[in-house]
Every structure is written in C-alpha cells, then in structure tokens.
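Please treat every number below as a calculation from the coordinates, not as lab data. Quick caveat, the model's predicted, so the values are computed rather than measured. Neighbour counts are summed over all protein chains in view; Cβ atoms, including those assigned to glycine, are modelled from backbone coordinates with ideal geometry.
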Amino acid sequence: MNVVVCHDLTKQYGRSKALQNMNCTIAENKITGLIGRNGAGKTTLLKIIAGYLHHSSGDIQVFSENPFNNLKVSANTVFIDNEMSFSQGLTLKELLETAGSFYPNWNHDLALKLFDYFSFNPKQYHGNLSKGMKSTFNMIVGLAARCPLTIMDEPTSGMDSATRKDFYRALLKEYIAYPRTIILSSHLLDEVEDLLEEVLLIKSGEKCLHLPIDQLKEYAIGVRGKTVGVASWTEKMELISMQEIGANMSYAVIRNDRSIKELEDARQLELEITPVSAEDICSYLTSKTKGGIDHVFSRG
Amino acid sequence: MLLNADSMKPIYVQISEWLENEILNESISADEKIYSQYQLAEMFNVNPATAGKGINLLADDNVLYKKRGLGMFVAADARKIILGKRKSSKLHSLVTELAQEAVQLQVEEEELVTMIRDMHQRIKEEQS
Amino acid sequence: MYLAEVKAWDIVRKQYRYKLKSYFSVFTSLIVIQLLAILFSFNGTGMGGGTSNSISYEFYYYTSDIILVFMMIWAFITAIIITTRAYRYDDFSFVTNRTISQVSNILFLLSASIFAGITVYLSTHLFQILAFYFKDNYSIIVDSLSFTEFLMGMITSILYIFLFASAGYLFGILVQLHKGFLLIIPTILFGGLILDGIGGNPTLFVNVTNFFGEETSFILFICKVAIVSSILLLASLGISNRMEVRK
C-alpha cells in the first residue's frame, strides 16, 4: 500500500514554483531519503504531505486522503523539523507528557530513556535549548510518537557528530522494533545512505530519480583519463558530468549500462573506470551545468 | 561491526560475504538458522531491506534454504558451494588483476608463476 | 498498517488542557492588571461635596467599573496574542486541525473570561475593604445585593469580557490573514467614529453602547452578546480554516 501519492503536484508562491508537476509514491513501511539541493522544494513537499500547506494544483493523497486540515492525517503523522515550536509555558518533561497524551502509539518509556541518555534537564524550556539540543529533543518526540508516517526534515541540523550517529542508530532500532513509513530529508546522503531503502531525488521542484538505494549506488560510473581518450570514448554516450581535472586529464560520469565490449575499449584507451558514490551521483544529477562548480572558474 | 564504506562492493554483497565467512569458519554450521535480516541490519547498521538482499543473494546460490515461517537455514553443502563460488569468481578476478598488473610491470610468465607457487607453498606451510 | 482513529472532540479536550497549562502566563497578567485597576480606582470614580453653614461634606463614589474596563481590554489583547504565529504553530506540533485549534482557543477564551469575571467581583470586595481601612471615611455605604442580583452582575461582567475577547480574536485572525488589517480596521473604526461625530450629533458609538448597555431584559442581553460573539467567532473560524501553517 502507498502512504503518499502525488500526482502532478504543484505549489506556487506568487510567480515562482516551489514544486512543479511532482509525481511520486511513497510505499508503506520504508525509509525513504528525500534528497535535493537547497531550494529544490524538499521542505515544501514535506509540509504539503504533513498538511501544513495547500498545494496549488495537481493531487496529493496521504493515507488516501487530502492531508490539508485533515485530523486523521495529523493523528497518524509526526513532522519534525527545526522550526518546530513548543509552548514556552511548559517544561521539557511536561512537553513529553503532553505529546504522549496526543499520540496514540506514544512510547513514553523510550522517550524518557532517550531524554536521560542525551542528558536533558527536565525543568528546562524548549526555547532555551541550543540548536543542536532542540533538534535532539524534536527527534525524541518524532521517534517516541511511533506514527505510521514519520517525516523528518533535516533532523540532524546543529547536532554534533556523535549525537548524529546516536540518532541514526536510534532511528534504525526504532524502525526495526516498530516498522513505519519514514521520510528523511537530508543534505548529507553519505551519512544516511545505509539507513535508507529508497532515495527520492528532486531537482528544482521536480522529481529527478526515485530508486532503491542499491540501484542508485550502481546508477553511474566515473571515467578518468586523458581528455582525448575520455572524449572519444564517451562521444556517443549521454554525459551526466564532464570535468577537466588537470593538464589533459578529464573525468566523466555516465550511466552504468555499458557493454563488456565498450569497457574493454576503455581499458585499451587507458581509461580508469571507478564507481561513483550515491552522494556524488546526486550532486552531479542536480547540478545546473555539466561542468559543476569548476565551470564558474573556467577561463574563456 | 564495521563495513568497508570505501569498498567498491555494494553493502549487501559485503553482508553476504560476511555470512559466507561465518559459514566457512563454521561459526554457523549446516542446518542451523542464519541471522535474520533485522539482526543483520542492527549488526551492520543498515536498512533491513539491504540486509535482506544480502541473505537473498545466498538463497539464490542455494547456500541457504528457507523453512516456511521459521526463516533461513544453512544448506548441508553450503561450504562446498561457497568454496566453489569463491574459486570461480574471486580467484578469477584476482588472477585477472594479477595478470594485468604483471603485464604492466613487464613481469614474465615464468617469473609470475614462480611467485605464485612460492607464496602458495609458504602459506600452506604456515597453516599446517 | 494500523491507523489510529481519533475523535475530534477528544482532541479538542486535549488541546484545551494543553492551552490551559501552557497559557498560564495569561492569568498572571490578569492578576497584575486587576491590582493596577484597584490602585486606579482608589481615587474614586466620582466625588462631590458641599457646605452648608456649619457642615461641610465630601463624598467619594467608588466602583469597580474601572476593573471591569481593564478586564475587557485585557481580554481583547489576550485574544489577539493567542492568534499570533508562535501560539498557532504550537498546536501543530501535536495532533490537530484548524477547526480544533480554533475551538480549543475559543474554549480557552471563554474560561479566561469566566475566571476574569469572577475575579472582578472578588477584587471589588477586596477594594471595598481596602478603601474602608486606608481612607479616613466616616461612613461607608455599600450597595447590598441579593444573590440573584449578584449572580446577574457577575454573568454580565463575564459576557462583556467574552464579547471583547471575541472581537479581539477576529481582529487577531484578520491581521494574521493579512498584515494590512492592522491598519485598515483601526482606520475604519476611528474614521467611522470621527465621521459620525462631524455633524456634532454622534449616534454610532452611542447606538452600539445602548444596544448592549440599555438592554433591560437580562435574557435578551445574554442573547445579544451570544449572537454577536458567535458571529465574530464563526467569522474567525471560517477565515482560519484556509490558513497555512509554518509557511
């Protein structure tokens, strides 16, 4: 069953489009990574799914219903981001108890254990926490809520690296203990890729790719060698990226669908074939130009 | 447990190879239940689907068999299958690489064969 | 996948409880304002005096009207405050939808108005006692009220306070909808009053005040306030149902 179904989903702010004809489905009980550059529309998409924002056109269904202003969606969804605000009149401990009264599957034992582990002061207020501590607290709410749809928008922002690792581990263990649909948006695909089952890559408000993570890792290959060789070998291929990396040396990225014959040719041309990490594939695919940042600095 | 993140091998292949090693060194014997995908996911800190793919890889090679409702078990001839597989794939690719390197370094055929023979003998002696 | 089914009324109750706890500071400000109002009232809202031959007298007229007026302003401002972004977003960190947020807000305002109405009466008494001890009065005449009169007075105060809260709430929601209303509404309000007064014979303000103030039937008065408040609040509900959260 699909938890989220978007069909030609568009969100317009004035004249600019944050989302453009987005078509995607997110299947039940999978951890999906929502990846994209800054301003690609990740947060807008997540907020529409959570029912915070209206969409301008197209269709969106969450649990087979329109999420905007929908109590059923709200009760079964938890949306964690760093803008999350909690009442200034309640202490952290009271906030956890309140959250517990709202979410039907809330695991208070887990919430308290995590709360202690990350050494929160029960009498403190949310507004007085540092950015990283806020993220950590929000994450505790997100995990303990055990909502069938758990959305986390950049959940680790501000966390130190040890806390981030703890968080990923906690997320995985919670997911195994209580499977649910998790959408995780992140800049740091490298850090989260092992956790993910699928990756939804978006670029300028449109879907770029939606693949299982294993396929994404094998999506492309890199070719390094003499510029002439690289150019002649890739002549008839569709380039994902092409960079000059020094005197007469080039590095090209292409789809990983070459025949053995072609790979043999590459060897003859003394080209080195290397795998491309999922993170690199994503940044090449979402780059505005085929040359990347070097393009900006190139002479002529 | 750590996986080699820089390795060219996909994680699920690394997991299936780790399981093969467990079978080869008899940490898990024939007809014994293998780790579930959730146990593996926790051990290696990866998504259970990825771990499941690693298990399926072994099931496809008949190293594991499925008992309905109970999970995956090690086949009786698992060791034999794994050894055969390693010989054909791993050794083959290692030999290819070795030969290529030898050609590039202009090592003659005789010299290469001698090197391999010596190393083979030494390791056998050390093990016995 | 197991999806939780929740009842709207159940969530309203939870949001209401959450608000009572988290908006506690509202009640602190209420107490402070009442104390201030008592202080203001000390000079008396009216005074007079006279002399005849050998007797001179002065009289001071003390009422709790100022306390009530202060409470009405307090209710108006409190209502505006809870429509602001920070307060609205707090609801959405937990389970809710727009209607539930609004209904729980309205319930909160109603509770706050009741609390304020009751305390107005309590402070009146406190005030009278203070006036007795701290002013060199030779004689004090206190209106003696029957229990029903006392109750009617209290309900009237509560209704007035709630009326102002409703007005403040709609104003707040309109401002949240568009910042322009922050200018437009006062302009219309004061502009209307000024235009009305240009002829030297203002009727608008007087009529509005009389609509409530001159009503002699207690039941009709309750109806009038209930209807006007409902219109104001339903308008707020309708508007806010389309508003987005955390843009």
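The table that follows gives values for the structure above.
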item: Inter-site label distance for C:Ile129 and B:Ser89 at 7 Å from Cα along Cβ, in nm; result: 8.9 nm
item: Over chain C, volume per residue of the alpha carbon convex hull, in Å³; result: 174 Å³
item: Scattering curve values for region A:1-155, log₁₀ I(q)/I(0), Debye with Cα scatterers, q = 0.09, 0.13, 0.15 Å⁻¹; result: -0.32, -0.65, -0.83
item: Antiparallel content of DSSP bridges confined to the protein assembly as shown, in %, to 5; result: 75 percent
item: Convex hull volume per residue in cubic angstrom - Cα atoms of region B:11-78; result: 74 Å³
item: Between 0 and 90°, nearest 10: helix B:109-127 axis offset from chain B longest Cα axis; result: 50 degrees
item: Listed residue pairs exceeding 32 Å between alpha carbons, taken from A:Lys165/C:Lys7; A:Lys134/A:Lys173; A:Lys207/C:Lys14; result: A:Lys165/C:Lys7; A:Lys207/C:Lys14
item: Among A:Lys217, A:Lys207, A:Lys173: highest mean-square fluctuation, GNM of chain A, C-alpha pairs under 10 Å; result: A:Lys173
item: Hydrodynamic radius (Kirkwood) for region A:94-136, which is based on Cα pairs only, to one decimal in Å; result: 11.1 Å
item: Relative contact order computed over region A:218-297 (Cα-Cα under 8 Å; 6+ residues apart), in percent; result: 40 percent
item: C:Phe212 paired with A:Lys131, simple spin-label distance in nm, labels 7 Å along Cα-to-beta-carbon; result: 4.7 nm
item: Among C:Thr156, C:Thr216, C:Thr83: highest mean-square fluctuation, GNM of chain C, C-alpha pairs under 10 Å; result: C:Thr216
item: Violating pairs (Cα-Cα greater than 20 angstrom) within the set A:Lys93/A:Lys131; B:Lys66/B:Lys87; A:Lys47/A:Lys217; B:Lys33/B:Lys66; result: B:Lys66/B:Lys87; A:Lys47/A:Lys217
item: Where only alpha carbons of the protein assembly as shown are counted, the Rg and the Dmax (Å); result: 36.4, 144
item: Compactness of region A:121-268 - radius of gyration and Dmax, Cα, Å; result: 21.3, 69
item: Choice from A:Arg267, A:Arg37, A:Arg169 showing the highest fluctuation, given a GNM over chain A with Cα pairs closer than 10 Å; result: A:Arg267
item: Given charges at beta-carbon only (K, R positive; D, E negative), |dipole| of region A:107-189 in Debye; result: 60 debye
item: Over region A:218-297: Rg over Rh, Cα atoms, Kirkwood Rh; result: 0.94
item: Descending Cα extents along the principal axes, chain A, whole Å; result: 68, 42, 38
item: Beta bridges by DSSP in chain A, antiparallel share as percent, to the nearest 5; result: 70 percent
